[in-house]
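Take a look at the structure below.
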Amino acid sequence: MTTDGTAHRELGARGSRSSLAVDLGTDTPNADALLATVPAWWAAQAAASGLSGRWLDLSHAVRMPNRAFTSVPRVDAVFMTAEELGEAYVLSLDSAVRNRHGRHYTPPALAKHLWHLARRPLTTRNRPAPLPGLVRDPACGAGVLLLPALREHLAATERAQPELVLRSLPELFEGTDLDPDAAWLCAVILAAECLPLLARVPESRRQPLPALAHVADGLDDPTRPAKVVLMNPPYGRVKLSADERARFDHMLTGHPNLYGMFIGHHAEHLAEGGVLAALVPTSFTAGRYSTALRAHLSRTAPLRDIAFVNDRAGVFDGVLQETCLATFTRSPGRAVRVNLINGRMVEMTKVAPVSNVGPWLLPRRVEDVPVAAHTATLPLTLGEAGWKASTGPLVWNRRRDDIHARAGKGRVPIVWGADIEGGNLRRDKSRNQQRFLAIRSDRDRKTMVLDEPSILVQRTTAPEQTRRLVAAELTQACLDAWGGEVVAENHVNVLRPATPTPALSRHLMARLLASDAFDRVLRCLSGSVAVSAFELEALRLPAASVLAAWERLDDEALVQAVTECYGTN
């Protein structure tokens, strides 16, 4: 279930896919009133295009089932633009529905940027060109992603015979959605773009316009391959049946997420040389749960372009996920263009083809372009250097009855993310009422208690924080000051040696994590405010011999050496 231009959308009822079904929840009075206005909106659009008579009647002018409305139409919607009408549909839904399914309207500017990225591999010309094949949006909503492509195609075929252009449109455009209202609205909006062309056809030869969108499951196998797939895919974890899991297993790691299934599935069904362009969270470039998806895409349709949305003000208000536009091509891998969108789109750099299943190293800011380039040449990851990262085992709301403000028999101090500040570990006063965990058994102790020196890293940072990498060394002296043992809460990552002789000491590791260079490297690995154990283990390091030399450097010399190594000067 999608609504055109939404940033986060969940799948609706899937017929035979009962395990994926959720309530669509689109039947609201405000939405009904908005949809009841569409016939009048159509009449206004048709009249403005020079048409009259029966062509002002939507039920006659477009080849799709008639709709009957009982709600009072919204007069203010009659003279909206196509994009405004799509946005109004999203906003007309009940707020609980929008919050539950994460519906956030995508501005037309992002739809234009996505189409620009999609058409790059298809033509070397800067001017509009006729489409080379089918353009599909499998989660089309009200059609905002298809509008730029349709408008460009109509402009490029302006001198062609209008009847032939209109007749060919179903071969070139296809939108599908599980939400019947959204699919119907999409068909109307796309048809309205063709009204000036229809007006050029002599009255005696005019035929109703084709419906370019219909109700369908975007995860069904398409009947024909597409040259371009545009999508703002559905989001949300789902529980799959055994058959569904087997079908998508090659692109799934852990909990299946709909957006990954949509991207991976439609990458498989691109025509040779085809392009898939999607609006997705940046977490897909780095997260553990996207490991199989990255591997699948590298084999099937390698990454060609990525554009990070730098300023999200007014774009997806209330959404914490960082957003990017990404294109994948059904052709051999080549250099990846990395772009930045801040009102307009600017190409920052090109990087080597990304094919590894680990986090992809991609600069998010212009100043980090040399950082990514230098870091990509380094031979080791933190994991390969003999360190392992894990997430704190205490999920506080599952143990709320065992959490206390005061020390007592069998109680162990809890380390919270807020306790890590400025490279030091101290007890944040705001957590003093939740400071101790009661240990209930030997098994509980084995799972929960940390009683050896290590490095603690905040797992979640706020967007406004100057650093993403906030760490503190838990020395033996510090551990003793806390009573000899602690419990790490779930918003804390713990770094410990995985071998007796790691390539770098705990003290050097703490110094490196405190550096500006490592903070910037982490930002090239992940645009998320979360710092996962998986991403920490993927941080790149120089050769073991270089690390051994760094062990002997004082702070000033180490900063200079790290700056030169990672290109942060």
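Quick note: the coordinates plus some simple rules give every number you see, no bench work behind them. Owing to the predicted nature of the structure, the values given are computational and were not obtained by experimental measurement. Note that each Cβ is placed from the backbone with ideal geometry, even for glycine, and that neighbours are counted across all protein chains shown.
Of all DSSP beta bridges located in region 387-566, what percent are antiparallel, nearest 5? Please list the in-between numbers first.
Working: 23 of 26 bridges.
Around 90 percent antiparallel, to the nearest 5.
Rank these for me by crowding, I189, I420, I439, going from fewest to most other beta carbons within 10 Å.
Numbers: I189 30, I420 24, I439 20.
Arranged by neighbour count, lowest to highest, I189, I420, I439 become I439, I420, I189.
With only Lys, Arg, Asp and Glu charged, each at its Cβ (+1 for the first two, -1 for the last two), find how big the charge dipole of the chain is about the Cα centre; round to the nearest 20 debye. Working shown, then result.
Working: 66 positive and 61 negative charges, 104 e Å.
The calculation lands at about 500 debye.
Hand me the trypsin sites (Lys or Arg not before Pro) from region 176-259 located in a DSSP loop with no more than 13 other Cβ atoms within 10 Å, in residue order please.
Numbers: sites: R200, R205, R206, K227, R237, K239, R245, R247; in loops: R200, R206, K239.
Passing both the DSSP loop test and the Cβ count: K239.
Say a site is exposed when it is one of the GluC sites (Glu not before Pro), sits in a DSSP loop, and has at most 16 other Cβ atoms within 10 Å; what is then the longest site-free stretch of the chain? Before the final figure, lay out each step's value.
Working: sites that count: E158, E384, E464, E485, E551.
Within the chain, the longest run free of exposed GluC sites (Glu not before Pro) spans 159-383.
Give, rounded to the nearest 20 debye, the magnitude of the charge dipole that region 387-566 has about its Cα centre when Lys and Arg contribute +1 at Cβ and Asp and Glu contribute -1 at Cβ. Walk me through the numbers on the way to the answer.
Working: 26 positive and 23 negative charges, 170 e Å.
Computed about the Cα centre, the dipole is about 820 debye.
Relative contact order for region 387-566 using alpha-carbon pairs under 8 Å, separation at least 6, rounded to a whole percent?
Across region 387-566, relative contact order equals 28 percent.
Excluding A307 itself, what net charge comes from residues whose Cβ is under 10 Å from its Cβ, given Lys and Arg +1 and Asp and Glu -1? Provide the component values of the computation, followed by the final result.
On the way: positive: R337; negative: D305, E347.
Once positives and negatives cancel, what remains is -1.
Considering Cα pairs under 8 angstrom that are at least six residues apart, work out the relative contact order of region 148-223 and quote it in whole percent. Could the numbers behind the result be given before it?
Details: 73 pairs, mean separation 32.1, N = 76.
RCO, region 148-223: 42 percent.
Quick one, which of (1) 87, 27, 20; (2) 51, 27, 19; (3) 36, 32, 23 is the actual semi-axes √(5λ) of the Cα gyration tensor in Å calculated for this model?
This structure yields the entry labelled (2).
To the nearest 0.05, how large is the calculated FRET efficiency for A44 and R467 if R₀ is 51 Å and r is the Cβ-Cβ distance?
Numbers: r = 54 Å, r/R0 = 1.05.
With a Förster radius of 51 Å, E is 0.45.
Could you name the lysines whose alpha carbon sits less than 24 Å from that of K409, not counting residues in the same chain fewer than 8 places away?
Answer for K409, where 24 Å is the Cα cut-off: K429, K446, listed by chain and number.
Among V351, T176, A199, whose Cα projects farthest towards the positive end of the dipole of the chain, with charges put on the beta-carbon of Lys, Arg (+1) and Asp, Glu (-1)?
Farthest along the dipole direction, towards plus: V351.
Please list the equivalent ellipsoid semi-axes of region 180-318, computed as the square roots of five times the alpha-carbon gyration tensor eigenvalues, in descending order and whole angstrom.
On the way: eigenvalues 224, 71, 50 Å².
Each semi-axis is √(5λ); the values are 33, 19, 16 Å.
Over the chain, what relative contact order in percent results from Cα pairs under 8 Å that are six or more residues apart?
Working: 1167 pairs, mean separation 68.6, N = 569.
12 percent.
Can you check what the net charge comes to around A277, using other residues whose Cβ is under 12 Å from the Cβ of A277 (Lys, Arg +1; Asp, Glu -1)?
On the way: positive: K112, R119, R120, R136, K227, R304; negative: D137, D305.
Cβ neighbours under 12 Å give a net charge of +4.
Kindly put F173, F436, F518 in sequence by how many other C-beta atoms sit within 10 Å of each C-beta, fewest to most. Intermediate values should be presented prior to the final figure.
Numbers: F173 23, F436 20, F518 26.
By the 10 Å Cβ count, ascending, the order reads F436, F173, F518.
As an exercise, take the mean of 1/r over every pair of distinct alpha carbons in region 397-505, invert it, and state the Kirkwood radius in angstroms.
Working: mean 1/r = 0.0681 Å⁻¹.
For region 397-505, the Kirkwood estimate is 14.7 Å.
How much net charge surrounds P370 when only the other residues with a Cβ under 14 Å from the Cβ of P370 are counted, with Lys and Arg +1 and Asp and Glu -1?
Values: positive: K350, R364, R365, R520, R523; negative: E367, D368, D516, E564.
Cβ neighbours under 14 Å give a net charge of +1.
Quick one: of the DSSP bridges fully inside the chain, what percent are antiparallel, nearest 5?
On the way: 46 of 70 bridges.
Antiparallel bridges make up about 65 percent of those DSSP assigns within the chain.
Report, in degrees rounded to the nearest 10, the 0 to 90 angle that the Cα long axis of helix 180-193 makes with the longest principal axis of the chain.
60 degrees
Quick one: angle between helix 82-92 and the longest Cα principal axis of the chain, in degrees between 0 and 90, rounded to 10, please.
The answer is roughly 60 degrees.
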